[in-house]
Amino acid sequence: MRQPTATVVSSAWRGQGTTDGERIIPEETAVAFTYDGGSYAVMMATPQNLEDFALGFSLTEGVVSSPADIRQLDIVEEDAGIELRMWLTEPRATALGERRRHLAGPTGCGLCGIESLDEAVRKPPRVQDSGIFTPTEIMRALEALAPRQELNRQTRAVHAAAFWHADAGLVAVREDVGRHNALDKLAGALMRDNVPGHRGMVLLTSRVSVEMVQKTAVIGAPLIVAVSGPTALAVRTAKAAGITLAAVARSDGFEVFTHPQRIKETSKETVTHVA
């Protein structure tokens, strides 16, 4: 199996001159998604956590709703890249076959298998109003994330998506050269382990675009916390989905753009959740 990183020779220029050395950098591999023998999309991704990638991408694209919808998954290495070869159960196989008949053609930009502008800005599912988070918990979650970003520690060149809730802290962290891919891998990890999305927050080390909000809504998480800013469409989409969007998160705090009522100061150190 391909490794997620490679070591290359580099020359570094600093104020004192040039020195030769080595640097660890992330791999970027073409990953193809095929269902029942038909091609669906090709993404450039880090070749790691590929089972999670297959499950999460299939979930956020609406191809499946649970791991049981995939009756077989083969990870096939080829010279040009990696194929995630999936076979679907019924009625998912028939539904995807009908969908394929109407596709203008998928792309590898995060908007796959769509044919119209309406689908590109499709209305996300509305998340459950499932609890209150404190600023202290948000800051604690952010502090816990950096030490878990192993690939980024080595390369300083990948994004991370993570899921946190009060009962268990950071439940899962996934990294990738693509921010969409990292979030899809996280979605797959949560689905595979049967972790309910409405119990916690999604943490992102990237900016928040509309696709990131749409994917989080499918996961069901009521709160996004991101280190970078959101786009205007992402803010409108989060508002419509009932998601609290906190961004521009730094060591000294963060900004809340939607549904601020979900973040409250409290004397308690844990989140009070609705089951």
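Which one of 65, 39, 11 is farther than 29 Å from residue 154 by Cα, open to solvent by 50 Å² or more (accessible area, probe 1.4 Å) and touching a strand residue (DSSP E or B) at 6+ places or on another chain (Cβ under 8 Å)?
Only one candidate passes the filter, namely 39.
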Inset, instruction - Quick one: residue 258 ticks every box in (1) open to solvent by less than 10 Å² (accessible area, probe 1.4 Å); (2) touching a residue at least 24 places away in the same chain (Cβ under 8 Å); (3) on the phi < 0 side of the Ramachandran plot except a single one, so which number is it? - result: (2)
Legend entry - Selected residue (only one of 161, 172, 187 is in a helix (DSSP H, G or I) and among the hydrophobic types (A, V, I, L, M, F, W, C)): 187
Legend entry - Residue in the range 82-92 that is basic (Lys, Arg) and surrounded by 15 or more Cβ atoms within 10 Å (Cβ to Cβ) present: yes
Inset, instruction - Can you tell me which residue among 215, 239 is in contact with a His (Cβ under 9 Å, 6 or more places away or on another chain) and open to solvent by 30 Å² or more (accessible area, probe 1.4 Å)? - result: 239
Inset, instruction - Give me a count of the residues in the range 80-104 that are closer than 29 Å to residue 1 by Cα, small (Gly, Ala, Ser) and either assigned to a strand (DSSP E or B) or modelled with pLDDT under 60 (or both). - result: 1
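The values are calculated or read from the model by the stated rules, or taken from the named source; none is laboratory data. A quick note: this is a predicted structure, and the numbers were derived from the prediction, not measured. Neighbour counts run over all protein chains shown; Cβ positions are idealised from the backbone, glycine included. For accessibility, only protein heavy atoms count, side chains too; no ligands or nucleic acids. Shrake-Rupley method; radii C 1.70, N 1.55, O 1.52, S 1.80 Å.
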